[in-house]
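Below: one structure, written as structure tokens.
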Amino acid sequence: MNNRKLQIGVMGSAADLNYSKQLEEIALAIGGDVAKSGNVLFYGAEKDYDSLSTAAARGAKKYNGTTVGVTYGKGKDIWDTESTTDIIICSGLERGGGREFVLVNSCDGIIAISGGSGTMTEMLIAYQLNIPIVVVEGTGGWADKMAGQPFDQRNRMIAEPATAETAVEKIIELISKKNS
């Protein structure tokens, strides 16, 4: 029997998309739920500003969860290191595909909250790698655009819609189904 903790990625809008306080609260709660589930939260660690992913990491830390931040470039100088991140992985790659590939490929499943082009890239990488995706409906961005939709005519996987309250439970269920 495999007792490895699941590696759950939480992806979402960066601060330059001016997300609402309500979306930040959703990210905090989802991060807390990952920690309470006993699993590990992975996120895209930014160097220059906050994000919904970073908020999820803060939420996980409130419940003593383990967090892993995957950052771009070299160096471990990330936003809000003190309160968010147990382990920093420096991909040596830049934003826009390279770092996102390392991040998503490290996850057993991902949860998307709102999201701009970076989140969309992460969702498409998950699709290509057959990694389960849950999107939090009602949060805007690519999460809402892709809720319940296949990415192309192959229909091999869709972005499963969930609420903020059920997102972690849903991703664990999808990961378990995939691994059985």
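The values are calculated or read from the model by the stated rules, or taken from the named source; none is laboratory data. Computed from a predicted model, the values in this text were never measured in an experiment. Methodologically, a virtual Cβ is constructed for each residue, glycine included, from the backbone with ideal geometry; neighbour enumeration extends over all protein chains shown.
Residues that are at pLDDT 95 or above and out of contact with any Phe, Trp or Tyr (no Cβ under 7 Å at 6 or more places or on another chain) within region 91-115 comprise GLU100, PHE101, VAL102, VAL104, ASN105, ASP108, GLY109, ILE110, ILE111, ILE113, listed in sequence order.
Within region 90-112, is even one residue closer than 15 Å to ASP50 by Cβ and either surrounded by fewer than 17 Cβ atoms within 10 Å (Cβ to Cβ) or in contact (Cβ under 8 Å) with a residue 12 or more places away in the chain (or both)?
So far as region 90-112 goes, no, none of its residues is closer than 15 Å to ASP50 by Cβ and either surrounded by fewer than 17 Cβ atoms within 10 Å (Cβ to Cβ) or in contact (Cβ under 8 Å) with a residue 12 or more places away in the chain (or both).
Scanning region 142-169 for residues that are farther than 19 Å from LEU129 by Cβ and among the charged types (D, E, K, R) yields ASP144, LYS145, GLU165, GLU169. Residues in region 91-119 that are over 19 Å from ILE171 (Cα atoms) and either part of a loop (DSSP other than H, G, I, E, B) or aliphatic (A, V, I, L, M) (or both): 9 in all. The residues listed here are ILE30, ILE8; of these, the one that is closer than 21 Å to GLU100 by Cβ and either more than 15 Å from the chain's Cα centre (by Cα) or part of a strand (DSSP E or B) (or both) is ILE8. Residues in region 59-90 that are modelled with pLDDT of 90 or more, assigned to a helix (DSSP H, G or I) and of a type outside the set (A, V, I, L, M, F, W, C): 3 in all. Does GLU122 count as surrounded by fewer than 19 Cβ atoms within 10 Å (Cβ to Cβ) and either in a loop (DSSP other than H, G, I, E, B) or at negative phi (or both)? Answer is no for this residue. Using the structure shown, decide if GLY59 is surrounded by 24 or more Cβ atoms within 10 Å (Cβ to Cβ), within 20 Å of ILE171 (Cα to Cα) and touching a Cys at 6+ places or on another chain (Cβ under 6 Å). Here the answer is no, as GLY59 does not meet what is asked. For region 130-157, the candidate set comprises residues that are under 26 Å from LYS5 (Cβ atoms) and at pLDDT below 95; within that set, the residue that is surrounded by the most Cβ atoms within 10 Å (Cβ to Cβ) is MET157.
Every test in (1) closer than 14 Å to ALA167 by Cβ; (2) surrounded by 18 or more Cβ atoms within 10 Å (Cβ to Cβ) is passed by VAL70 save one, and that test is (1).
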